Amino acid sequence: MTVSAGPTPVDPMRGGSASANTTAATGQALRPHAEDAFAAELAALAALDDRPRPARWRLSPWAVATYLLGGTLADGTVITPKYVGPRRIVEVAVTTLATDRALLLLGVPGTAKTWVSEHLAAAVSGDSTLLVQGTAGTPEEAIRYGWNYARLLAHGPSRDALVASPVMRAMAEGMTARVEELTRIPADVQDSLITILSEKTLPIPELGQEVQAVRGFNLIATANDRDRGVNDLSSALRRRFNTVVLPLPETPEAEVGIVARRVEQIGRSLDLPAVPDGIDEIRRVVTVFRELRDGVTADGRTRLKSPSGTLSTAEAISVVTGGLALAAHFGDGVLRAGDVAAGLLGAVVRDPAADRVVWQEYLETVVRERDGWKDLYRACREAGA
Amino acid sequence: MSGVNGEEAPGPLLLGVRHHGPGSARAVRAVLEDARPDVVLVEGPPEADALIPLAGEEDMRPPVALLAHAVDEPGRSAFWPLAEFSPEWVAIRWALEHGVPARFIDLPATHTLAWQGEDGRDGGGGDGTDPATGSAEGDRGPGAAAPGAPDERSGAAPGEGARPAGDVRVDPLRVLAEAAGYDDAERWWEDVVEHRGVGKGDPVAPFTALEEAMTALREEHGSGEHERDLVREAHMRLRIRAARREFGEGVAVVCGAWHVPALRRRATVAADRALLKGLPRVRTDMTWVPWTNRRLSRASGYGAGIDSPGWYGHLFGARDRPVERWLTKVAGLLRAEDRIVSSAHVIEAVRLAETLAAMRGRPLPGLGETTDAVRAVMCEGSDVPLTLVHDRLVVGDALGEVPATAPAVPLQRDLARIQRRLRLRPEAAERELDLDLRGETDAERSRLLHRLRLLGVGWGEPAVSRGSTGTFRETWRLRWEPELSVRVAEAGVWGTTVLAAATARAEADAVAARGLAEVTGLAEHCLLAGLSEALPSVMRVLADRAALDTDVGHLAQALPALVRSLRYGDVRGTDTGALAGVAAGLAERVFVGVPPACTALDADAAEEMRGHIDAVHGAVGLLGDAPAPGHARLRARWQSVLRTLSARDTVPGVLRGRSVRLLLDDGELARDEAARLMGLVLSPGTSPADAAAWIEGFVGQGSGGGLLLVHDERLFGLVDAWLTGVPAEAFTDVLPLLRRTFSAYEPGVRRTLGELARRGPGTRGSTAVAPGQPGFAPGLDTARADAVLPVVRLLLGPDGEDEGAGAGAGVTG
């Protein structure tokens, strides 16, 4: 495992203000970090892990893959699966991190990109908090460094007046940094990553210094590939990443399971009355979504046009949740075709001209003829009229 | 020569291989170089011994296949595909290069083909016309040995696989791989054998180890009570024995690893002879045929059972650094397709592939690792360019070549037979042939010529019939050019009979077709050629294309042709169930697509769309109301589409007028309602251009000319009433536009209309008289009309509809 980096680490950049707020009382946190929630599993893996570890990795690549995919260790410890999906994906992701390439996780919303990146960072570096959240307003300081202006004015430019970004800290300490929603970040700010990823160094021209990455530093970015973020990656930056696309659930059953589980959780938090027997309707919604997304019917016999929308699992969840609210508050408490029809229409028809034809065609050629779908057909016709 | 088995006197050199395994091929070459045997025996049909020298010719280029077929029944055939990296091919080439005799030792094809005929009952190709199942079974099915296990798993061998012969016989490799802790047998084999370069040590060592494993396996699981295997092995033993008598001890045998323990076993000649007694026979013929990588891959019906011939070819051909070379090849391909792939990408991909292999505990990156690396580094995680890589490199487009001196392919024989039977001699002189399709012989001749055309053998060209125009007549211009024989030989790759080849070709063409119209044409051609077996695939492609085509115009163009085929297919008695379903589905898509496509059109586009609407209307009429299950009330749905069009203001006037007219003609729109709509359009609020367009659509030339106005009193009354009701000031605006519509009528029609107008509404009599003769009686003369009835009844048939005849006076066009 070759990790090329600067010869010696520069002194750690842990500024006074940076570390103070990280350790809240974890027991009370609404959502503990991955490394805290699964501390026992990580410890058990580390204890039994005798394979070679790349520099500054808490676990060997094999152990990291096991941590994500789940399994039973030699001493009987059960590792829960964190990611349910193709093994290949996790292997490529971990291997990418073990070489010194940065990892880009692509996928439509709701494919567990952030979840995977958090757990990868927790397993590799034991710390998933070195995070830059990408937004349209993310400034360059969030990726490089900022200044503590009080200190800057009082003492002039010095390392003490510097406020390090999570990326800078990760470089100095040989940790894994995370950038969420990379494509939401303005292009000029994105470009500041190029030097970091290719030269593995972060110059500080104001001080005539630089921070060189220590072995073990790497970066995981996530991005949305379907609705193409506002700022596409430049090819120069793209070249620095190995890309892994997280797929949508492979089987209809898996997707129905995910939707049902999430809908139940959301319904509880919104205090919606429990709705019995919604599973059939959920299955139909998931089937509609999958068929339109894949451009082919579930039996694989008829081709379909795909609409312009994403039709992700996350959207299926929101259609069902909306339908549940309708059924609970305005209907008879049972989730019926009429309750989801409007939501379906809204999710599928994003482009009023082209998508409407796609949807109509789908209704007329598939829904109309399917046994037991008459009610859905009628409800959708009414909703679309 | 080094004895493989230490304890005995030097026995024959038994080299157990995996068919189409590049690692096995390398190892075989190394052993042959080292041992220099006096004769090389190869698993394969002995009838092909005479063909072996052809393998050494310049213009013989693998992949090729040995083809055995029954002389009297070309459809019954078996293939033995050989790629450049097949150990058998390597052995044959080595023998030829070193002037050493090479022989095939497997059971003769005469028996295996006879077996195949017996098995025909449980296979799909019972009539021997289905090369896909027929050949795949023959291909290594009867002959294939163990570690070529994918052969067996390709599943196309119904007679073999279905038998309770035990899993081991079906896939011994899997058993070994499971013992080694692998879940994927292919991968285990690659790790243990294929990816292992030929070491410095004893070249025979791997074969010894493999033989031990196979012996253990056969002891553990029994020899898999596979009678035919035992028979084949008996035959191989006899042949080996004969070779040893002739050449002494310098005998090398290349066969599937599964057979090695059986060939090593000592059995008496008598026992072996007894096994071979009384085997069925069939007269067979053999030849070399060109093969393709695609057919070597499992995906196709002829599968030789390897997923990745291109990758194997690369492994076999690469001198060193197979992974680096492979990824450079991939980069080259992607660059040629305009993707930006730099050398840095290749470097990173190599690193990723190697680290992945280490992570997965494999000695070298395999196809899986390199593919993962290509996806992550070069393709940005996308599977789309990866499909290209798989298609062009992993499978590859290699196309084999066979010297012209190779014996004739069975397709030629089949054609010659059919030509004899149909008394249709190939002649160089051009001549015309009139066919009456009602006769069985002529119908078959027509089908043969259509099939040959599909195969690119342009023996006959359809010509315009002289005199008769009935659909049961066809005229062909025949001329046999010498190069057509070459075409037939080329077409031999598609199948062994004309029917099978044309079917395969039509299916392949359908997949490759670019436009919807191309596929529709192909469907029509399939019907003409009587290729009912190809029709489902063609229809599938057609349905897929139709589903993805966003241009309603294309769909509307395809529909009439399809409906035509449907009706023509009825005439020929072809099963058109699938066709009807697709046509109905197509119609439904058109229904959905037409209304949005009819808005915001300029005059030209509207005119074009009117043509489409007319075509669809005609097609829906022909299609009937429920042509296929699940597609009911087509006509009613089309009418509701027309109603939508007629009522929508954003639709151009010409289309609205046309829709109203079509509805009116169908009796779906009351006359009052049509009059109201017309009044609405022609009122002062509507722009004159739009109004005139409406009239144009309603009674314009494309709508059947003015004749309809002449013959239909209702319509004439409507227009007449409107025209007289137009206010004086608006009249001058409307006049030029109306003139444009009416001036396009033929002079006779115009004159009649003038006469009718002069006489005024409601005073018309019979229109069955030539135009231009005024002075009809106002009422109907029933006596004279009755006199016509017998003739009309005669014309319309014995069940002549009294209704239609009774209204004879009012017969409308």
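Pairs only if they're at least six apart or on different chains, beta carbon under 7 angstrom, first in segment B:651-662 and farther than 15 Å from residue B:719 by Cβ, second among the acidic types (Asp, Glu); list them, first residue then second.
Every condition considered, the pairs that remain are B:653/B:690; B:654/B:607; B:654/B:696.
Note down all Cβ pairs under 8 Å where the first residue falls in segment A:282-310 and is within 14 Å of another protein chain (Cβ to nearest Cβ) and without any contact (Cβ under 8 Å) to a residue 60 or more places away in the chain, the second is buried (at least 16 other Cβ atoms within 10 Å of the Cβ) and of a type in the set (Phe, Trp, Tyr), and they're at least six residues apart or on different chains.
A:305/A:362; A:307/A:359
Collect the residues in segment A:46-84 that are within 14 Å of chain B (Cβ to nearest Cβ) and either at positive phi or of a type in the set (Val, Ile, Thr) (or both), keeping them in residue-number order.
A:64, A:66 - these are the residues of segment A:46-84 that are within 14 Å of chain B (Cβ to nearest Cβ) and either at positive phi or of a type in the set (Val, Ile, Thr) (or both).
When segment A:275-319 is examined, which residues are found to be under 22 Å from the mean Cα position of the chain (by Cα) and not in a loop (DSSP other than H, G, I, E, B)?
Passing the criteria: A:286, A:289, A:290, A:293, A:294, A:313, A:314, A:315, A:316, A:317, A:318, A:319.
Pull up segment A:195-239, narrow it to residues that are among the basic types (Lys, Arg) and modelled with pLDDT of 90 or more, then point me to the one that is nearest to residue A:90 (Cα to Cα).
A:215
Specify which of the listed residues (B:520, B:503, B:497) is crowded, with 23+ Cβ neighbours inside 10 Å, away from chain A (no Cβ under 14 Å) and farther than 20 Å from residue B:415 by Cα.
Of the residues listed, the single one that is crowded, with 23+ Cβ neighbours inside 10 Å, away from chain A (no Cβ under 14 Å) and farther than 20 Å from residue B:415 by Cα is B:520.
Somewhere in segment B:334-345, is a residue outside the structural domain of residue B:20 (by TED's automatic domain parsing) and within 20 Å of residue B:85 (Cβ to Cβ)?
no
Please find, among A:359, A:373, the residue that is more than 21 Å from residue B:587 (Cα to Cα) and in contact with a helix residue (DSSP H, G or I) (Cβ under 7 Å, 6 or more places away or on another chain).
A:373
Out of contact with any helix residue (DSSP H, G or I) (no Cβ under 6 Å at 6 or more places or on another chain) and outside any helix (DSSP H, G or I): is that true of residue B:53 in this structure?
No.
Collect the residues in segment B:380-405 that are touching a residue at least 40 places away in the same chain (Cβ under 8 Å) and within 13 Å of chain A (Cβ to nearest Cβ), keeping them in residue-number order.
B:385, the sole residue that qualifies.
Given the residues B:594, B:552, which is the only one that is of a type in the set (A, V, I, L, M), in contact (Cβ under 8 Å) with a residue 60 or more places away in the chain and within 14 Å of chain A (Cβ to nearest Cβ)?
B:552
Out of (1) at pLDDT below 75; (2) under 17 Å from residue B:620 (Cα atoms), what's the single condition that is false for residue B:585?
Of (1) at pLDDT below 75; (2) under 17 Å from residue B:620 (Cα atoms), only one is false for residue B:585: (1).
All but one of (1) away from chain B (no Cβ under 11 Å); (2) assigned to a loop (DSSP other than H, G, I, E, B) hold for residue A:341; which doesn't?
If we test residue A:341 against (1) away from chain B (no Cβ under 11 Å); (2) assigned to a loop (DSSP other than H, G, I, E, B), just (2) comes out false.
Can you list the strands (runs of 3 or more DSSP E) lying wholly within segment A:58-162 that have 2 or more residues being touching a Pro at 6+ places or on another chain (Cβ under 8 Å), among the aliphatic types (A, V, I, L, M) and closer than 21 Å to residue A:37 by Cβ?
none
Out of all the residues in segment A:203-213, is one or more assigned to a loop (DSSP other than H, G, I, E, B) and crowded, with 19+ Cβ neighbours inside 10 Å?
So far as segment A:203-213 goes, yes, one or more of its residues are assigned to a loop (DSSP other than H, G, I, E, B) and crowded, with 19+ Cβ neighbours inside 10 Å.
Output yes when any residue across segment B:410-428 is within 14 Å of another protein chain (Cβ to nearest Cβ) and in a loop (DSSP other than H, G, I, E, B), and no when none is.
No, segment B:410-428 contains no residue that is within 14 Å of another protein chain (Cβ to nearest Cβ) and in a loop (DSSP other than H, G, I, E, B).
When the residues of segment A:52-67 are narrowed to those that are touching a residue at least 40 places away in the same chain (Cβ under 8 Å) and more than 20 Å from residue A:170 (Cβ to Cβ), which ends up nearest to the chain's Cα centre (by Cα)?
Selected residue: A:63.
Confirm whether residue B:9 is surrounded by fewer than 16 Cβ atoms within 10 Å (Cβ to Cβ), at pLDDT 85 or above, out of contact with any Lys or Arg (no Cβ under 6 Å at 6 or more places or on another chain) and under 19 Å from residue B:246 (Cβ atoms).
No: the conditions fail for residue B:9.
Do you know which residues across segment A:335-348 are β-branched (Val, Ile, Thr) and either free of Cβ contacts under 8 Å to residues at least 40 places away in the same chain or touching a His at 6+ places or on another chain (Cβ under 8 Å) (or both)?
none
Scan segment B:415-440 for residues that are closer than 22 Å to residue B:488 by Cβ and surrounded by 13 or more Cβ atoms within 10 Å (Cβ to Cβ) and jot them down.
B:415, B:416, B:417, B:418, B:419, B:422, B:424, B:426, B:433, B:435 - these are the residues of segment B:415-440 that are closer than 22 Å to residue B:488 by Cβ and surrounded by 13 or more Cβ atoms within 10 Å (Cβ to Cβ).
Kindly indicate which of A:351, A:355 is part of a loop (DSSP other than H, G, I, E, B), out of contact with any Lys or Arg (no Cβ under 6 Å at 6 or more places or on another chain), touching a residue at least 12 places away in the same chain (Cβ under 8 Å) and within 14 Å of chain B (Cβ to nearest Cβ).
A:351
If we scan segment B:336-346, do we find a residue that is away from chain A (no Cβ under 14 Å), surrounded by 20 or more Cβ atoms within 10 Å (Cβ to Cβ) and farther than 20 Å from residue A:93 by Cα?
no
Within segment B:650-743, which helices (runs of 4 or more DSSP H) (wholly inside it) include 1 or more residues that are out of contact with any Gly (no Cβ under 6 Å at 6 or more places or on another chain) and modelled with pLDDT under 70?
Of the helices (runs of 4 or more DSSP H) lying wholly inside segment B:650-743, those with at least 1 residues that are out of contact with any Gly (no Cβ under 6 Å at 6 or more places or on another chain) and modelled with pLDDT under 70 span B:671-682, B:688-699, B:707-711, B:713-725, B:728-743.
Quick check on residue B:439: is it out of contact with any Lys or Arg (no Cβ under 7 Å at 6 or more places or on another chain), over 30 Å from residue B:72 (Cα atoms) and more than 14 Å from chain A (Cβ to nearest Cβ)?
no
Counting only residues that are crowded, with 20+ Cβ neighbours inside 10 Å and of a type outside the set (Val, Ile, Thr), which one in segment A:315-324 is farthest from the other protein chains (Cβ to nearest Cβ)?
A:324
Which residues, counting only those in segment A:92-126, are more than 14 Å from chain B (Cβ to nearest Cβ), crowded, with 22+ Cβ neighbours inside 10 Å and either closer than 30 Å to residue A:159 by Cα or without any contact (Cβ under 8 Å) to a residue 24 or more places away in the chain (or both)?
If the condition is that a residue be more than 14 Å from chain B (Cβ to nearest Cβ), crowded, with 22+ Cβ neighbours inside 10 Å and either closer than 30 Å to residue A:159 by Cα or without any contact (Cβ under 8 Å) to a residue 24 or more places away in the chain (or both), then A:118, A:121, A:122, A:125 are the ones that fit.
Looking at (1) of a type outside the set (Asp, Glu); (2) out of contact with any Phe, Trp or Tyr (no Cβ under 8 Å at 6 or more places or on another chain); (3) crowded, with 24+ Cβ neighbours inside 10 Å; (4) within 14 Å of another protein chain (Cβ to nearest Cβ), which is the one condition that is false for residue A:87?
Looking at each condition in turn, residue A:87 falls short on (3).
The values are calculated or read from the model by the stated rules, or taken from the named source; none is laboratory data. Only a predicted model underlies this, so the values are computations on that prediction, with no experimental measurement involved. Quick reminder, even Gly has a Cβ in these numbers, built from the backbone with ideal geometry, and neighbours come from all protein chains shown.
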